[in-house]
Structures are given as structure tokens and as C-alpha cells.
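K.L.:
My questions all concern the structure below.
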Amino acid sequence: MTSRPYRSAVRDQAAAATRAAILDAAEALFAQDGYARVTIGRIAQEAGVSPNTVYVAFGTKLGLVRGLTERASGEDSIQETLAAIAASDDAHEIVDLTVGSTGDVVHRHSRLMTVLIANASADPEIGATFEGTERLLRERFGLITARLETLGALREGLSAERATDVLAYYLSPESWLRLGTIGWDPETRRTWLREQLVFALLGARSGAWSGA
């Protein structure tokens with residue numbers, strides 16, 4: 001009586017592993033050789049599956065890009081961070097959680113972010129996908145600034161909407177990646193961005209940034 005659900009669970013796990021392998025291969029090849037030069041056949045070969053398996057799972061290269069963005073934006077850690085922020089009464093902790101979470105996500109998916117940014121202006125469909133990720137990020141930032149506003153923690157004269165603009169400016173993937181290209185390691189980036197946001201949002205100095 002239990003064999004059928006078990007077989008179904010095994011098939012689901014195998015399908016999930018196959019999708020993950022395809023996405024991993026696509027992300028690596030897009031970053032290595034450029035989105036336009038990578039074919040479905042190469043992705044399939046790298047993932048160890050047939051091209052038809054890739055087509056069935058994702059349809060097109062754009063489908064792969066969408067799959068990658070959905071995987072990155074749907075991480076459980078993001079929802080866990082938002083829940084922790086909603087439960088926190090400490091504005092500085094909220095800034096710390098926000099910076100830490102966005103930095104971790106960009107670090108884990110830096111290759112995808114690079115592909116999206118590099119191709120957004122040249123490929124309208126990728127551009128639309130990138131805009132979608134930016135809208136979702138802004139929605140999540142809006143939840144964070146609304147919490148800060150509820151706590152009365154935002155600096156005088158700063159609205160939640162304008163505070164969301166500030167988060168979008170400092171914590172966008174472009175900002176994280178740009179700081180990396182000038183040689184800043186992940187922890188230096190986090191420390192500096194945390195310092196800037198504590199001042200920009202809360203009107204306070206954290207004293208964490210040394211410039212070293």
C-alpha cells in the first residue's frame with residue numbers, strides 16, 4: 001500500500017536533482033561563455049542529460065534564465081530573514097539582517113546576477129526578467145522599511161517609500177558586484193554597506209567601518 005507514494009517521492013527527487021543539474025550547468029556556461037554563445041546542446045552535455053530533457057523542463061534558454069531567477073529569489077533563507085525582521089524590535093538588528101541576507105544571496109548567485117545585468121539592455125526578454133527580479137526585491141525591501149517605520153526608527157523626515165529607494169540603491173546586485181570588482185571582499189562590503197545604511201535610514205553612526 002505504501003510503495004506507490006514512495007516511488008512517486010523518488011521520482012520527484014530525481015526530477016528535482018535533474019532540474020538542479022541543468023540550472024547549475026546553464027548558470028556556469030552563461031557566465032563563462034556569454035548567454036548568446038551557449039546552446040541548449042552544450043547545457044545538456046554539461047548536465048549529463050539529453051537536449052530533449054532540457055527542452056521539456058525549461059523550453060528555451062530564456063526559460064532557463066527564468067528558472068535560475070526563480071531559484072535564487074525563492075530561497076528559504078530569504079523568507080526566514082523576512083520573518084526574523086518582522087519579529088524584531090531592534091532597528092540595528094533589522095539593518096544587519098537585511099545586509100547579511102542580500103549579501104549572501106548575491107554571493108551565492110553572482111554568476112546569474114552578472115548574466116542578467118550584462119544582457120538586460122541587449123535582450124528585451126532578459127531585460128523583462130531582470131525587471132521582474134528588481135520589482136520583487138523592491139517589494140521585499142518595502143516590507144523591511146515598513147517595519148522600521150512601524151518601530152519609529154526611520155530618521156526624521158524619511159518616508160518608508162524613500163527608505164525603500166535607499167535600500168534598492170545600496171543593496172542592489174549591481175552595488176554588491178561593483179564593490180567586488182574594485183577588490184572589496186564580501187565582509188568588507190557588508191561592513192561598509194551596513195555603516196552607510198545605519199546612517200542613511202536611522203540617522204546614526206555604527207562605528208563599524210574602518211576603511212581597512
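K.L.:
Out of 157, 45, 78, whose Cα points farthest toward the positive end of the dipole of the chain (charges: +1 Lys, Arg; -1 Asp, Glu; placed on Cβ)?
P.N.:
45
K.L.:
Sticking with this one: How much net charge surrounds residue 177 when only other residues with a Cβ under 11 Å from its Cβ are counted (Lys, Arg +1; Asp, Glu -1)?
P.N.:
Details: positive: 111, 178, 189; negative: 174.
Here the charged neighbours net out to +2.
K.L.:
Give me the dipole magnitude in Debye, nearest 20, for the range 3-59 about the Cα centre, with unit charges on the beta carbon: positive for Lys and Arg, negative for Asp and Glu.
P.N.:
300
K.L.:
Among 49, 56, what is the fewest-to-most ranking by other Cβ atoms within 10 Å? Intermediate values should be presented prior to the final figure.
P.N.:
Values: 49 18, 56 10.
Ordered from fewest to most neighbouring Cβ atoms within 10 Å, 49, 56 come out as 56, 49.
K.L.:
Stretched out fully, how many nm does the piece from residue 18 to residue 75 gain, at 0.36 nm a residue minus the Cα gap? Write down the numbers at each step before the final one.
P.N.:
Numbers: separation 57, 0.36 × 57 = 20.52 nm, distance 1.81 nm.
Additional length available on full extension: 18.7 nm.
K.L.:
Before anything else, pin down the relative contact order of the range 58-190: Cα pairs under 8 Å, at least 6 apart, normalised by residue count, whole percent. Please list the in-between numbers first.
P.N.:
Numbers: 86 pairs, mean separation 36.1, N = 133.
Relative CO of the range 58-190 lands at 27 percent.
K.L.:
With the dipole of the chain worked out from charges on the C-beta (+1 for Lys and Arg, -1 for Asp and Glu) around the Cα centre, which of 184, 136, 115 lies farthest toward the positive end?
P.N.:
Selected residue: 115.
K.L.:
Projected onto the charge dipole of the chain (+1 at Lys/Arg Cβ, -1 at Asp/Glu Cβ, origin at the Cα centre), which of 201, 18, 94 gives the Cα projection farthest towards the positive end?
P.N.:
In the chain, that residue is 18.
K.L.:
Also, quick follow-up: Which residue fluctuates most in the GNM of the chain (Cα springs below 10 Å): 59, 67, 157?
P.N.:
Comparing 59, 67, 157 in the GNM, the peak value goes to 157.
K.L.:
Let me ask another. Mind sorting 172, 121 by how few other Cβ atoms lie within 10 Å of their own Cβ, fewest first?
P.N.:
Numbers: 172 19, 121 10.
In order of increasing Cβ crowding within 10 Å: 121, 172.
K.L.:
Give the calculated FRET efficiency between residue 50 and residue 8 to the nearest 0.05, with a Förster radius of 30 Å applied to their Cβ-Cβ distance. Could you put the intermediate results ahead of the total?
P.N.:
Values: r = 23 Å, r/R0 = 0.76.
E(calc), rounded to 0.05, equals 0.85.
K.L.:
Once the other residues with Cβ under 13 Å from the Cβ of residue 190 are scored (Lys, Arg +1; Asp, Glu -1), what is the net sum?
P.N.:
Numbers: positive: 189, 194; negative: 96, 104, 185, 187, 195.
Charge balance near residue 190 sits at -3.
K.L.:
From zero up to wherever the largest Cα-Cα distance of the chain sits, split into 5 Å bins and tell me the percent of pairs in each.
P.N.:
Pairs per bin, as whole percents: 1, 7, 13, 16, 16, 13, 11, 9, 7, 4, 2, 1, 0.
K.L.:
What is the magnitude of the charge dipole of the range 75-162 about its Cα centre, with +1 placed on the Cβ of each Lys and Arg, -1 on the Cβ of each Asp and Glu, and no other charges, expressed in debye to the nearest 20? Let's see the in-between values first.
P.N.:
Numbers: 8 positive and 16 negative charges, 43 e Å.
So the magnitude is around 200 debye.
K.L.:
To the nearest 20 debye, what is the magnitude of the charge dipole of the range 18-152 about its Cα centre, counting +1 on the Cβ of each Lys and Arg and -1 on the Cβ of each Asp and Glu?
P.N.:
Dipole size: approximately 640 debye.
The numbers here are math on the coordinates, done by the rules we state, and not lab data. As the structure is a prediction and not an experimental result, all values here were calculated from the model. Note that we place each Cβ from the backbone using ideal geometry, even for glycine, and neighbour counts take in every protein chain shown.
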